[in-house]
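What follows is one structure encoded as structure tokens, with my remarks underneath.
The values are calculated or read from the model by the stated rules, or taken from the named source; none is laboratory data. All figures in this text were calculated on a predicted structure; none of them were measured in a lab. Using ideal geometry, Cβ is built from the backbone for each residue, glycine included, and neighbour counts are taken over all protein chains shown. Keep in mind that these areas ignore ligands, DNA and RNA; they rest on the heavy atoms of the full protein, side chains included. Shrake-Rupley method; radii C 1.70, N 1.55, O 1.52, S 1.80 Å.
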Amino acid sequence: MFQGTGVRTPYGRLQDWVAAMPQELRSLKQAEAEALFRRIGITFAVYGEGGDPDRLIPFDMFPRVFAAAEWAKLEKGIKQRARALNAFLVDVYGRGEIIRAGRIPGRLVWQNEAYEKAVVGFVPPKGVYSHIVGIDIVRTGPDEFFVLEDNCRTPSGVSYMLESREIMMRMFPDLFRENRIEPVDGYSELLRRTLASVAPKKCKGDPVVVILTPGHFNSAYYEHSLLADLMGVELVEGQDLFVEGEFVWMRTTEGPRRVDVIYRRIDDAFLDPLCFRPDSMLGVPGLMDVYRSGGVTICSAPGAGVADDKAVYTYVPDMVRFYLGEEPILQNVPTWQCGKAEDLKYVLDKLPELVVKEVHGSGGYGMLVGPKCSKAEVEAFRAKIIEDPGNYIAQPTLALSTVPTFVEQGVAPRHVDLRPYCLVGERIELVPGGLTRVALKEGSLVVNSSQGGGVKDTWVLAE
């Protein structure tokens with residue numbers, strides 16, 4: 001919010017807003033926001049800690065703001081990255097030209113647990129494997145943005161983006177009258193259009209789209225039901241679908257109805273018990289046969305996860321150059337692969353200064369933030385790295401930007417990241433905004449809700 005001795009232009013009108021809000025009103029509004037979240041049912045699940053796994057997501061009322069020019073650069077870089085990631089997926093399930101050219105080691109792809117042999121040689125409709133790409137971005141300076149990781153399978157959190165905006169508009173309508181803020185409520189229409197645009201060739205007429213959920217015990221079930229409601233499509237579980245002939249059908253009170261596009265929110269392993277895990281009760285037997293024969297489109301495609309592996313992530317700038325012939329607009333965080341002898345030596349020497357992550361880890365678990373850990377914790381993690389070096393990558397501890405956040409004492413700086421949602425179909429589109437996650441613990445760099453993080457509304461100012 002501040003640069004030098006003054007307030008940055010995008011935040012100009014927020015300083016007066018904060019100054020004019022007494023502590024009593026702030027506490028009242030915060031309680032109102034929490035009540036709205038609880039009434040709507042916006043929770044996330046934390047398993048393995050005992051008690052009720054459903055927790056209320058902490059919401060901070062101080063918005064994060066981007067100027068139009070800042071967003072324009074981000075949008076361009078996000079779309080470029082989404083194009084490159086999809087080109088990579090089509091390539092590695094086809095001829096593997098990037099591997100033949102020596103630009104990425106074959107073992108990172110062929111031996112990756114997310115690489116699905118069941119789709120080798122298959123090109124999905126419009127050549128799109130990852131239809132919703134969630135790219136996690138951090139800011140380190142006025143004009144410096146870095147990509148922390150790519151989420152190419154089923155990135156969650158878009159419901160927090162939509163509901164945070166809804167709640168802010170309800171609580172502070174004057175703020176939205178005084179500031180020209182780009183809307184995000186068009187996301188559901190963009191998503192519906194994206195999904196419909198990748199309908200299979202066998203589709204006749206308007207595509208029938210469904211969202212496939214694991215069920216109400218899933219941590220993101222609220223999001224599944226919200227998106228189905230906003231798009232006007234059916235929310236289904238595996239038992240609601242069946243395969244007959246060349247197509248997938250949905251059971252309805254009026255008889256079977258053919259399904260053309262499945263936006264799946266379940267992992268590859270559970271999609272089809274005849275192809276993947278035979279004990280899966282969540283998927284649809286025979287689904288993969290219909291998919292490969294062009295009778296249905298699965299979004300995102302099975303096998304897309306190989307592109308968001310943290311070891312593969314280090315090669316995304318090379319993908320941009322190789323497939324698009326362009327220089328990357330958004331840079332990666334410098335990364336050391338512990339599977340490489342030289343990198344491993346460096347990481348072990350500098351371990352107390354680095355952030356180390358499991359290659360397949362997520363949710364803020366399985367990671368070490370060296371500067372924030374005790375000597376004993378660092379040494380315990382060192383033993384894990386030595387035992388299986390290929391399972392870890394390391395990155396420097398970045399000087400992440402902070403955003404003003406309401407705390408008990410008033411307003412204080414807290415670290416944030418940003419997850420915009422890029423939709424890839426016939427066109428590549430994204431709404432101006434995203435999910436801003438905030439590390440509510442003082443000094444913490446971990447923004448995940450499972451690790452005590454919260455969410456903010458993200459503003460992009462209109463030009």
Point to revise | Every residue from the range 167-189 that is open to solvent by less than 60 Å² (accessible area, probe 1.4 Å) and either under 24 Å from His224 (Cβ atoms) or among the charged types (D, E, K, R) (or both) | key: Ile167, Met168, Val184, Gly186, Tyr187, Ser188
Review point. Taking the condition of a type in the set (Phe, Trp, Tyr) and modelled with pLDDT under 95, does Tyr93 pass?
Key: no
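Could you please let me know if Ala439 is over 22 Å from Val184 (Cβ atoms), in contact with a Pro (Cβ under 9 Å, 6 or more places away or on another chain) and open to solvent by less than 30 Å² (accessible area, probe 1.4 Å)?
Details: over 22 Å from Val184 (Cβ atoms): yes; in contact with a Pro (Cβ under 9 Å, 6 or more places away or on another chain): no; open to solvent by less than 30 Å² (accessible area, probe 1.4 Å): yes.
No.
Filter the range 387-435 down to residues that are of a type in the set (S, T, N, Q) and open to solvent by less than 20 Å² (accessible area, probe 1.4 Å) and give me whichever is farthest from Lys201 (Cα to Cα). Please lay out each step first, then the result.
The initial filter retains those residues of the range 387-435 that are of a type in the set (S, T, N, Q), namely 391, 395, 397, 401-402, 405, 409.
Now drop any that are not open to solvent by less than 20 Å² (accessible area, probe 1.4 Å), which leaves 395, 405.
Numbers: Gln395: 44, Thr405: 49 Å.
Ranking the candidates gives Thr405 first.
Can you pull out the residues in the range 74-123 that are in contact with a Gly (Cβ under 6 Å, 6 or more places away or on another chain) and open to solvent by 40 Å² or more (accessible area, probe 1.4 Å)? First the steps, then the outcome.
To start, the set of residues in the range 74-123 that are in contact with a Gly (Cβ under 6 Å, 6 or more places away or on another chain) comprises 90, 99, 114, 116, 119.
Answer for the range 74-123, where residues must be in contact with a Gly (Cβ under 6 Å, 6 or more places away or on another chain) and open to solvent by 40 Å² or more (accessible area, probe 1.4 Å): just Val90.
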Check your understanding: Going by the conditions given, is Tyr346 assigned to a helix (DSSP H, G or I) and either surrounded by fewer than 16 Cβ atoms within 10 Å (Cβ to Cβ) or over 20 Å from the mean Cα position of the chain (by Cα) (or both)?
Key -> yes
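May I ask you to list the residues in the range 1-35 that are part of a helix (DSSP H, G or I) and aromatic (Phe, Trp, Tyr)? Walk me through it before giving the result.
Restricting attention to the range 1-35, the residues satisfying the condition of being part of a helix (DSSP H, G or I) are 9-11, 14-19, 23-35.
If the condition is that a residue be part of a helix (DSSP H, G or I) and aromatic (Phe, Trp, Tyr), then Tyr11, Trp17 are the ones that fit.
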Point to revise | Residue ranges of strands (runs of 3 or more DSSP E) in the range 418-463 with at least 2 members under 28 Å from Gly127 (Cβ atoms) | key: 421-424
Practice item. Would you check if there is a residue in the range 267-276 being farther than 30 Å from Pro389 by Cα, in contact (Cβ under 8 Å) with a residue 40 or more places away in the chain and open to solvent by 20 Å² or more (accessible area, probe 1.4 Å)? Key: yes
Practice item. State which residue is nearest to Gly453 (Cα to Cα) when the search covers only the range 365-389 and only residues that are outside any helix (DSSP H, G or I) and of a type outside the set (Asp, Glu). Key: Tyr365
